[in-house]
Structures are given as structure tokens and as C-alpha cells.
Amino acid sequence: MSIKARTGLVLVMGFLLGSLVSVTHGVLADRERTAELPYEQARMLAEVLERVRQGYVEPIDDRELMEHAIRGLLSGLDDHSAFLDPEEFRQMQEGTSGRYGGLGLEVTQEDGVVTVIAPIADTPASRAGLKAGDRILSVDGDSLEGLSLNEAVRLMRGEPGSRIVLGILPQGETETRDVELVRERIQTRSVRHELLEPGIGYVNITHFRDQVGRQTREAIGTMTTENGGHLNGLILDMRNNPGGILRGAVEVADLFLEEGLIVSAEGRTRSARFTREASRGDIMLGAPIVVLVNRGSASASEIVAGALQDHDRAVVMGATSFGKGSVQTIMPLPDNSAMKLTTSRYMTPSGRAIEGQGVHPDLTVRDGEATPREDARQGEKAMSAWMRGMEPDSTAHGDDAELGEALRVLRGLNRSQLAEGR
């Protein structure tokens, strides 16, 4: 081995071992034990890096080689941890702000396969009929096998107006189909609202972005004014809502709770363990709420649904949600890149894990009919409310059978409150 190569190997080993000592000290500082540092594995990694550098069939830049090593380290942890180069980091920040170029598609990785969480309303993805659970196997004929989630997302994004063909394997099917889409400048507003009938409000939250709490409060205030007085009930629609920022979920749940825990997070470090509590003041003044969720409801929307369900503040209807309940912390790095690391997992107020489980509805809606779960917190209450709300003209709201069923339950809950003298 040349002097230059040996020097490079020593520097790499020094960096790796120094990092191991630093990380181990930080994580275990509050424990009365020390961990064995994997010196041999660190030496092996340094040796592999040097052999690739010297013997790979094509010359490879040292910086690129180290980036590959970092990507592999993070992507090997789980489907959500990842390295973000400066361009990927910029795109992620644009996505959080609600304005970016692409398809309007929220995706994750399940068993290494890019999987749709939900399409964003009124975007190329939603208009093309893509649904939660669909698997994306190729982009413009090129397989996504072996690519990280960030690499796959980068392929799907592009200039507005440009065409793209996705190879889709629909959930539950065995044959793929090609779907052609035209990229657009995605500009999303998180909250839409409508007064369905006198006293009954409807709020649709499509994504938990900045200002979603304020927008939801304003939507309810606007409907209250249109109604000429306080609302008697609310349908909170979070179907196909793939989530977003934690702060937005807490702000929305807090609008409807007087007190108590909204969400907690469990992790290894002190900063990864936290709770979020409700402040006093229910914007609906105790009026009944029905929450709509489905397979495309994930992350922040599951936090809201789980909190309102655990506090008996809302009847949850629809289908079991996606089950994405892990916390990714974005850690900027010196060269404008960043690392996204799973640091904790969300728990509902009653201690239920969201990750891999989802939020189970009190009333499951299939083929336009509602059925209570046997172990549902409000199953019997919701079903009796549904029966009380039956009217000849209430079986549907347009073509949305689930919304029609939610309206029926809300009417029944209102009648129950009137009977109790509230």
C-alpha cells in the first residue's frame, strides 16, 4: 500500500473511531456502563473504502465514495432514515412549505418497495387515480429496485410540464400497469371547508403543513359566521392525508380538547422523548365531531385521530389508517446536506403505538354501510347515533358514501345531546 493510501486509511479510521467515541459518549453518558466499541468493524469499513478507492473498475471521487458510505449507513437502519444531499434537502424544505414541482404524491418504502401513502388532492397523482398502497416499480421504464426512497423521489420530480411514466402495481393485484402523468407546480392549501347544512360544518385537511392550525381555526370561524351561530357538529375529513409536521397535528388536536395529553414520543435520548399537552379551550364547545380516516391517512393525521378518539372527543369512521408513527429528525450538515434519522415513535394518549398498527376506526365503512368494531371505544355509541340519524335523504352526500354516513352519525349524536338536555 502506498504512503498516500496508508495516510488516507489512517485518516478514515481516525474519523470513524473518533466519531464512534463521540456518539457513544453522548448516548451513554447517563448510564453507568460503557459499550464495547466495534474497532474491528471500523477497521474493516476503512479497509473496504480503501479497496474500492484503489480497485473499482472506474475512478471514483473520494467525496462521492464517502457519500455512498453515509447513505448506506442510514438507509440500512429503516425505511425512513436517509442522507439528503443539498438538492434533496432543498426539495424536502420546499415540500414542507407546500410549493414544489412534481406529481403531488406522498410515498414511503415498505420492504424496499416504493409505496404510495396518499395522493394530494387535485394534483396529477390524484387525477390519475393512484391510491394508498399502490406500489411504484419503475419510472420511465427504469426499475426502482435497489434505490433509496430519496433517489426514487428525485426521479419522479422534474420540470412542470414534463411527462413521466410510472410502472404501478395496484394494491391487491398481480399485474403492473403504466400510468402517464404530467408534472405540475404543486401548490397546496392544507384546509378546505364547507357548511354541509345548517349547523353542520365540514373541514378537509389534506396535509399538515405550516399554518394548518390557524387555517383550521379560521375555517371553523368562517362557517360559524355563515351559520349565524355556533356549529352543532363537525366532520373532520383526513382521508388520504399523508401527514406532515408534528406542530400542525398538535395545533389541530388542541382546537378540540380542553385538557390532557395529545401525543407522546418514545426514544433513546432525552430529546427524543417528549409529550404534547392540550391547552384549555374547545373551539366546538363540546359539539360532536366525526373524524374520517382511511388507508391513506398517516403520521400527523393519525396523531389527531388517535388523540380525539382516546379522549372520547370524536367518533372515528372509515378504515384503519396507514400506521406511520415514527419521528424523523432532520439534522443539517456543514455542506448544506442533511441526515434524516428516526429518533422516536409516537404513542396515542392511551399508550397505543401508531407505527405499523394505525388508528382503528370506531365505525368501519364498507360499500356505504357502517359497522362498529367490537372493541371500539365508541362503537355502540356511534352505531346507535348512526341509527338515530337515519333519514331518507341522508344516505349519501353527492357521490361520497362515507361522507354521507358521517353526516348520518353526526345527526344522531346531535339528537342524543338534545335528549340529554345539552
What's the number of the only condition in (1) open to solvent by 50 Å² or more (accessible area, probe 1.4 Å); (2) over 25 Å from the mean Cα position of the chain (by Cα) that Gly199 fails to meet?
(1)
Within segment 322-350, the count of residues that are modelled with pLDDT under 95, assigned to a loop (DSSP other than H, G, I, E, B) and touching a Ser or Thr at 6+ places or on another chain (Cβ under 8 Å) comes to 3
Just one of (1) of a type in the set (Lys, Arg); (2) open to solvent by 60 Å² or more (accessible area, probe 1.4 Å); (3) under 24 Å from Met331 (Cβ atoms) trips up Arg43, so point out which.
(3)
Qualifying residue in segment 144-163 (condition: crowded, with 21+ Cβ neighbours inside 10 Å, part of a loop (DSSP other than H, G, I, E, B) and among the hydrophobic types (A, V, I, L, M, F, W, C))
yes
Taking Glu277 as meeting all but one of (1) touching a Gly at 6+ places or on another chain (Cβ under 9 Å); (2) buried (at least 17 other Cβ atoms within 10 Å of the Cβ), write down the number of the exception.
(2)
Candidate set: segment 120-141, residues that are assigned to a loop (DSSP other than H, G, I, E, B) and open to solvent by 40 Å² or more (accessible area, probe 1.4 Å); chosen: the one farthest from Gly104 (Cα to Cα)
Gly141
Residues (at pLDDT below 95, in a strand (DSSP E or B) and aliphatic (A, V, I, L, M)) located in segment 216-264
none
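Considering segment 108-119 alone, what residues qualify as being in contact with a Ser or Thr (Cβ under 9 Å, 6 or more places away or on another chain), farther than 15 Å from Ser297 by Cβ and either among the aromatic types (Phe, Trp, Tyr) or open to solvent by 10 Å² or more (accessible area, probe 1.4 Å) (or both)?
Gln109
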Tell me which of these Ile330 doesn't satisfy, since it passes every other one: (1) at positive phi; (2) open to solvent by 20 Å² or more (accessible area, probe 1.4 Å); (3) not basic (Lys, Arg).
(1)
Could we say that Arg177 is free of Cβ contacts under 8 Å to residues at least 12 places away in the same chain and either surrounded by 15 or more Cβ atoms within 10 Å (Cβ to Cβ) or more than 28 Å from Val304 (Cβ to Cβ) (or both) here?
yes
Scanning segment 56-81 for residues that are free of Cβ contacts under 8 Å to residues at least 12 places away in the same chain, open to solvent by 60 Å² or more (accessible area, probe 1.4 Å) and farther than 14 Å from Gln109 by Cβ gives Tyr56, Val57, Glu58, Pro59, Asp61, Arg63, Glu64, His68, Leu73
Is there a residue in segment 187-202 that is more than 27 Å from Gly286 (Cβ to Cβ) and touching a strand residue (DSSP E or B) at 6+ places or on another chain (Cβ under 7 Å)?
yes
Condition test on Ala298, is it open to solvent by less than 40 Å² (accessible area, probe 1.4 Å), out of contact with any helix residue (DSSP H, G or I) (no Cβ under 8 Å at 6 or more places or on another chain) and touching a residue at least 24 places away in the same chain (Cβ under 8 Å)?
yes
Only residues that are over 13 Å from Leu333 (Cβ atoms) and touching a strand residue (DSSP E or B) at 6+ places or on another chain (Cβ under 8 Å): list them for segment 74-93, please.
Ser75, Leu77, Asp78, Asp79, His80, Ser81, Gln91, Met92
For segment 88-100, check the following and say yes or no: at least one residue is surrounded by 13 or more Cβ atoms within 10 Å (Cβ to Cβ), within 30 Å of Lys131 (Cβ to Cβ) and at pLDDT 85 or above.
yes
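The values are calculated or read from the model by the stated rules, or taken from the named source; none is laboratory data. As the structure is a prediction and not an experimental result, all values here were calculated from the model. As a convention, Cβ positions derive from the backbone with ideal geometry for all residues, glycine included, and neighbour counts pool all protein chains shown. SASA here: full protein model, heavy atoms, side chains in, ligands and nucleic acids out. Shrake-Rupley method; radii C 1.70, N 1.55, O 1.52, S 1.80 Å.
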